[in-house]
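Read through the structure below, which is laid out as structure tokens, and then see the notes.
The values are calculated or read from the model by the stated rules, or taken from the named source; none is laboratory data. Just so it is clear, the structure is predicted and the values come from calculations on it, not from any experiment. Reconstructed Cβ throughout: ideal geometry from the backbone, glycine too, with neighbour counts over all protein chains shown. For the accessible areas, the whole protein counts, side chains as well, though only heavy atoms, and no ligand, DNA or RNA atoms are used. Shrake-Rupley method; radii C 1.70, N 1.55, O 1.52, S 1.80 Å.
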Amino acid sequence: MDARLQQYEDRMKKAYEFLESDYNTIRAGRANPHVLDKLRVDYYGTPTPIQQVGNITVPEARIIQIAPWEKSLIKAIEKAIMASDVGITPSNDGNVIRLVFPELTEERRKDLAKDVRKKAEEGKVAVRNIRRDGNDALKKLGKTEISEDEIKQLEDQLQKLTDKYIKDMDALMEKKSKEIMTV
């Protein structure tokens, strides 16, 4: 790998990792604690991730249990969950908060699968934009520093990188779609 292309590979890798983390927040039938990753709780005036104010466990396939380290946080955590797009009403027994995930309907599964495809397409567009940026930078270099043959080689390497990350994103999309559609 040419050092001049390293920054573009790093950016493509970040686009892939972003897609992967985005997929982790999509719930697929069973409870996944990652659906809470983006939620913040008002902890003494500071927006704090839920993971930092309590213990999150998955005692059963469709239940997430949050045990706050301070009982006074139960209301704040419930409020954050209600305000989010998780779509589940929390219940508590005074000590822990439980999120019970209902079975997904066929229609909801199809909507989620559509959303997964849309996010993958956005990721692939980001990778293609990075490739375009790289090609533009190479053309500018060609006017001053390197030969046309070198530019052609670097463009080919950049295209191979692009193809690799798009293929990886497609595989990730297929895996997540399959996970969502499995009843």
Any idea what angle helix 6-24 forms with the longest principal axis of the chain, computed on alpha-carbon atoms, 0 to 90 degrees, nearest 10?
20
When the charge dipole of region 96-183 is computed with +1 on Lys and Arg Cβ and -1 on Asp and Glu Cβ about the Cα centre, the Cα farthest towards its positive end, among Leu112, Ala171, Pro102, belongs to Pro102
Taking 18 Å as the cut-off for C-alpha to C-alpha distance, list the pairs among Lys124/Lys160; Lys38/Lys110; Lys13/Lys160; Lys13/Lys124 that go past it.
Lys38/Lys110
With Kirkwood radius over Cα pairs in Å defined as stated, name the option among (1) 21.1; (2) 19.1; (3) 16.8 computed from the structure displayed.
(2)
The answer for chymotrypsin sites (Phe, Trp or Tyr not before Pro) in region 18-59 that fall in a DSSP coil and have at most 16 neighbouring Cβ atoms within 10 Å is Tyr44
Apply the a/c threshold of 1.5 to the C-alpha gyration tensor of region 82-169 and tell me whether it is rounded, prolate or oblate.
prolate
Rounded tilt (10° steps) of 148-181 against the dominant C-alpha axis of the chain:
20
One finds the C-alpha centres of region 58-115 and region 1-17 to be spaced, in Å, by 36
Only four residue types carry charge here, +1 at the Cβ of Lys and Arg and -1 at the Cβ of Asp and Glu. Report the dipole size of region 90-173 about the Cα centre in Debye, rounded to the nearest 20.
160
Running a GNM on the chain with Cα contacts under 10 Å, which residue among Gly54, Gly45, Gly87 ends up with the highest mean-square fluctuation?
Gly45
Selection from Gln51, Asn135, Ile180 lying farthest towards where the dipole of the chain points positive, charges on Cβ:
Ile180
Dipole in debye (nearest 20) - the chain, about Cα centre, beta carbon charges: Lys, Arg +1; Asp, Glu -1
340
Would you mind checking the tilt of helix 106-142 against the longest principal axis of the Cα atoms of the chain, expressed as 0 to 90 degrees and rounded to 10?
30
Return the calculated 222 nm mean residue ellipticity for the chain, to the nearest 500 deg cm²/dmol, obtained by summing -39500 (n - 2.57) across DSSP H runs with n ≥ 4 and dividing by the residue count.
-19500 deg cm²/dmol
Summarise the accessible area of the chain (1.4 Å probe, protein heavy atoms) by the percent that is carbon and sulfur.
50
